[in-house]
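Notes to accompany the following structure.
Here, each number is a calculation from the coordinates, and none is a lab measurement. Worth saying up front: this structure is predicted, and the values here are computed from it rather than measured. In this analysis, Cβ positions are derived from the backbone assuming ideal geometry, glycine residues included, and neighbour counts consider all displayed protein chains.
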Amino acid sequence: MFQKEHKQTSISRNAIFTTGSMRASKLLPSLILTFFILFADINFEIGKEIKSMALNLFKPINEVFLNIESFSDQISLFFTSQNKLIKDINDKNQEIDILNFKIMKQNQLKQENRELLLLLGFSENINISKFLIGKVLNKTYFPQESLNILVDTNNFSKEMVAINTDGLVGQVEAVFPNTVKVIPIYAKGNNIPAIIDRTETNIILEGDGKENKFFIKNLKNNSNIQIGDKIFTSGLGEKFPKGYLIGSVKEINASEELSNLDVVVYSSNNFDKGTKILFVSP
């Protein structure tokens, strides 16, 4: 039994020695290689060369990352610049809109001043006892064509007539607080004392109800009248001031009553032209 134990102990020792020898045999080449590398690195700077080779090997990859980063910065800068440019454009467009609005207001004021000068020109050229200037609010068509005018009605007279930049266009139908209603002089059945400018013949114009159309009432067939004759207000009856152009003769026809003529007069004065109305007393 002792021999058997001695044999096992001997086997264990041999196994340990063999394992140690094997480990030593594997470790020794590694130590030699490490020593050789250290010796070569000290004398020939192999590590530096390897490092340089590694850097050269990975240089393209580093450049790719650098280029990607630079490209990303450029894209970011581009979009930042674009956003700023878009903001600047929007700001400029807003400034342009504001300037256009100011220009529009200036043009409107310029047009209104031109209207006022023309209207005041009427008041200077014709002897007027009283006049007021109103602003056109809107136009209505029912129950008849009319304009609603904003005007100071404290000193207003219903006998006043309405003049715009074309000339005499209407008469007052109704007066309300701060506004008046004006109907056109060609309103159906409206009578206007007038005169044929060429012959100074007094006549009566009657409104037809259609835009700018009148008839001469009870004109004898032997009357001296021609196509193109100018018709002015005569001032008779003190319904309309004297000397305002109403229109011109466009048609002359024999009536059913052989003793009279059917004469049609058209006016070139637009009832709803402009934004201002001059009211004058007869």
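Here is the link list: LYS158/LYS276; LYS130/LYS242; LYS130/LYS239; LYS158/LYS250. Which ones come out longer than 25 Å on Cα distance?
Working: LYS158/LYS276 18 Å; LYS130/LYS242 14 Å; LYS130/LYS239 14 Å; LYS158/LYS250 32 Å.
From the list (LYS158/LYS276; LYS130/LYS242; LYS130/LYS239; LYS158/LYS250), the Cα-Cα distance tops 25 Å for LYS158/LYS250.
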Report task. Can you pull the one-decimal nm distance between simple spin-label points at THR201 and LYS239, each 7 Å off the Cα toward Cβ? Result -> 2.0 nm
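Arrange PHE271, PHE78, PHE232 by Cβ neighbour counts within 10 Å, fewest through most, would you? It would help to have the intermediate numbers written out before the result.
Numbers: PHE271 22, PHE78 10, PHE232 18.
If I rank by nearby Cβ atoms, fewest first, I get PHE78, PHE232, PHE271.
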Query raised in the report: Which distance in nm do the two modelled labels at ASN83 and LEU99 give, with both placed 7 Å along the Cα-to-Cβ direction?
Result: 2.8 nm
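For region 191-266, how big is the tail of P(r) above 20 Å, as a whole percent of Cα pairs? Present the calculation step by step, with values, prior to reporting the outcome.
On the way: 625 of 2850 pairs.
Percent of Cα pairs beyond 20 Å in region 191-266: 22.
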Requested in this report: Based on other C-beta atoms within 10 Å, arrange SER81, SER234, SER248 from fewest to most.
Outcome: SER81, SER248, SER234
Report summary line: Taking the square root of 5λ for each eigenvalue of the C-alpha gyration tensor of region 131-184, the equivalent ellipsoid has semi-axes, largest first and in whole angstrom, of 16, 13, 10
